[in-house]
1. Which of the numbered conditions does Lys204 fail, given that it passes all the others? Conditions: (1) assigned to a strand (DSSP E or B); (2) in contact with a Phe, Trp or Tyr (Cβ under 7 Å, 6 or more places away or on another chain).
2. Go through (1) closer than 23 Å to Ile370 by Cβ; (2) without any contact (Cβ under 8 Å) to a residue 24 or more places away in the chain and name the single condition Gln149 misses.
3. Would you say Glu18 is open to solvent by 90 Å² or more (accessible area, probe 1.4 Å), modelled with pLDDT under 75 and not in a loop (DSSP other than H, G, I, E, B)?
4. Going by what's in this entry, would Glu349 be described as among the charged types (D, E, K, R), modelled with pLDDT under 95, out of contact with any strand residue (DSSP E or B) (no Cβ under 8 Å at 6 or more places or on another chain) and open to solvent by 30 Å² or more (accessible area, probe 1.4 Å)?
5. Could you tell me whether any residue of the stretch 273-284 is touching a Lys or Arg at 6+ places or on another chain (Cβ under 9 Å), touching a residue at least 40 places away in the same chain (Cβ under 8 Å) and over 16 Å from Ala215 (Cα atoms)?
6. It is to be established whether one or more residues within the stretch 376-393 are open to solvent by less than 60 Å² (accessible area, probe 1.4 Å), aromatic (Phe, Trp, Tyr) and without any contact (Cβ under 8 Å) to a residue 60 or more places away in the chain.
7. So, in the stretch 102-144, exactly how many residues are assigned to a strand (DSSP E or B) and open to solvent by 70 Å² or more (accessible area, probe 1.4 Å)?
Amino acid sequence: MVVRAEKIVPATEQYDEELDANIKKYLRGESANLEALQDKKLKGQLAVKEELYKRSAKTAANVEKWLLPSEGGFLEPDGIEKTWRIKQEAIGKEVDILSLKNQFDMVLPDLGPYKLDFTPSGRYMAIAGRKGHLGVLDVKNMNLIKEFQVRETVRDVVFLHNELYFAAAQKKYPYIYNIDGVELHCLKVKKSDFSADEHGAVSKLQFLRNHFLLASINKFGQLRYQDVTMGTMIANYRTGLGRTDVMQANPYNGIIALGHSNGSSTMWKPTSPNPIVKMLCHHGPLTALAFHPNGHLMATAGMERKIKLWDLRKFEVLQTMPGHAKSLEFSQRGLLAASTGSFVQVFKETAGSQNYSRYMSHSMAKGYQIQEVSFRPYEDVLGIGHSMGWSSILIPGSGEPNFDSWVANPFETSKQRREKEVRSLLEKLPPESIMLDPKKIGTVKPPKKKDKPTRKEREEEMEAAVEAAKGKKLKNKTKGRNKDGKRAKKKQEIVANAKKQFIGQNMKENEELSKKKRKRIGEGAELPKSLQRFAKKKAD
């Protein structure tokens with residue numbers, strides 16, 4: 001018997017691919033290149049910060065691996081079984097009582113269709129009926145907090161920085177209400193501020209939580225950004241592409257994307273009057289648009305019955321799926337929900353390949369026209385707003401199983417909410433921080449190459465150098481070396497040396513220009529017919 005001795009590797013030295021992937025997830029982009037810095041003090045301070053970032057990312061990755069209590073689970077088919085054939089009734093029979101409470105239908109046929117919005121913690125839901133019904137619900141305890149009737153058309157609703165305030169896009173203006181249904185603000189624009197004397201009939205609202213900006217698009221195609229902390233209008237731009245109600249904010253960088261009737265999608269930031277990105281997505285009008293939580297994947301739907309997935313790092317199509325969608329929504333775990341008519345489909349990514357396939361499907365009662373779908377954060381629940389009220393169905397694996405109480409806490413107390421509100425106001429980001437690649441913020445700007453001076457600037461420099469040379473005082477020499485002739489000759493030499501550097505640069509530039517000219521003439525430019533006989537013939 002032969003015994004083979006193997007080297008025992010300590011557990012601390014074993015390479016863990018899962019841990020390494022988690023560390024990359026928590027790192028704040030690529031580390032800055034500190035070699036280009038000349039300031040040693042700044043270089044040392046930035047090196048210490050980079051080391052702290054790495055240590056915090058490693059700690060967060062270890063916490064995720066060893067201390068998080070729950071794991072997300074998906075439906076797993078057995079044999080040739082298909083997950084999209086499993087009905088909600090079958091799922092309801094297998095889940096616990098608390099999860100079963102999330103399956104319900106609220107029928108209000110006289111006030112729909114309904115729009116929905118959830119808070120980041122997933123505990124509260126705002127509802128808006130087209131015919132003026134507004135309300136706030138605690139969906140965790142299934143309690144109605146407040147409902148009221150505004151007696152005019154409501155097109156959209158969105159929560160602000162917490163559940164105490166929400167904005168509603170009504171017939172003529174957007175309004176801001178508190179959780180008790182008290183009207184706090186009617187958002188109008190004065191003539192002294194902009195040429196338009198009113199905010200306009202807003203069709204879609206989005207709230208940027210990190211910047212405290214309320215973005216809206218009205219029926220005239222005007223995009224507005226309003227700061228809800230100070231009440232000032234940050235930006236007011238005409239898109240020039242007509243009316244649209246397709247609008248979505250990218251959670252990764254705060255960019256607002258609009259879908260237009262000519263099949264194009266434009267991306268905006270408040271500091272630019274023109275779209276920073278304009279891409280043709282479909283050959284017909286866009287009907288829906290959604291962003292993946294990581295910000296690098298965008299889904300669009302068009303009237304030509306196609307759903308496309310785009311990689312925003314390359315602006316290329318990754319996948320095209322057949323189907324029509326009036327509403328699109330990504331979940332926290334990357335599931336894509338698409339609704340059309342009274343039918344909802346949910347697509348799932350297959351093994352990290354960014355190829356989506358059908359995962360689940362659900363049909364509403366005949367005649368229900370779905371207006372909007374919205375995933376509830378930290379729960380495997382999909383909210384559906386339709387013409388007859390709103391519904392809630394179970395989508396296993398859609399929500400993040402573990403919440404971070406510093407980001408979104410479903411169980412936060414009033415004291416924690418106040419502290420979080422103050423902290424978020426202190427950490428409020430300026431509108432200038434909204435950009436396509438937010439990783440650029442905080443990095444070291446590379447040094448610019450020195451621009452070549454123009455001929456006029458060189459002539460001015462040469463004249464200044466000549467004047468400085470003429471004004472230079474000569475030392476008194478010994479007897480016989482201090483004559484006027486010798487002093488004049490010495491001054492001429494100093495002036496010639498001052499001119500020498502600039503004359504040499506001019507000669508080099510003239511030589512380069514003449515070489516380029518000869519090369520250009522020899523390559524493609526043909527001589528006139530009268531001069532072609534003098535051209536040198538190429539040897540065969």
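The values are calculated or read from the model by the stated rules, or taken from the named source; none is laboratory data. Note that the structure is a prediction, hence the values are computed from the model and not measured. Here the Cβ is made from the backbone with ideal geometry for all residues, glycine too, and neighbour counts use every protein chain on show. Accessible surface areas use protein heavy atoms only, side chains included; no ligands, DNA or RNA. Shrake-Rupley method; radii C 1.70, N 1.55, O 1.52, S 1.80 Å.
1. Tallying (1) assigned to a strand (DSSP E or B); (2) in contact with a Phe, Trp or Tyr (Cβ under 7 Å, 6 or more places away or on another chain), Lys204 fails exactly one: (2).
2. With (1) closer than 23 Å to Ile370 by Cβ; (2) without any contact (Cβ under 8 Å) to a residue 24 or more places away in the chain applied to Gln149, the lone miss is (1).
3. Spelling it out, Glu18 is indeed open to solvent by 90 Å² or more (accessible area, probe 1.4 Å), modelled with pLDDT under 75 and not in a loop (DSSP other than H, G, I, E, B).
4. no
5. Yes, the stretch 273-284 contains a residue that is touching a Lys or Arg at 6+ places or on another chain (Cβ under 9 Å), touching a residue at least 40 places away in the same chain (Cβ under 8 Å) and over 16 Å from Ala215 (Cα atoms).
6. First, pick out the residues of the stretch 376-393 that are open to solvent by less than 60 Å² (accessible area, probe 1.4 Å): 376-393.
Imposing the further condition that a residue be aromatic (Phe, Trp, Tyr) reduces the set to 378, 390.
Still in the running and without any contact (Cβ under 8 Å) to a residue 60 or more places away in the chain: none.
No - not one qualifying residue is present in the stretch 376-393.
7. The number of residues fulfilling the criteria is 5.
Listed here are the residues, each with its yes/no results for (1) over 23 Å from Gly72 (Cα atoms); (2) open to solvent by 10 Å² or more (accessible area, probe 1.4 Å).
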residue	(1), (2)
Tyr252	no, yes
Ala257	yes, no
Met267	yes, no
Ser272	yes, yes
Pro285	yes, yes
Ala299	yes, no
Ser331	no, no
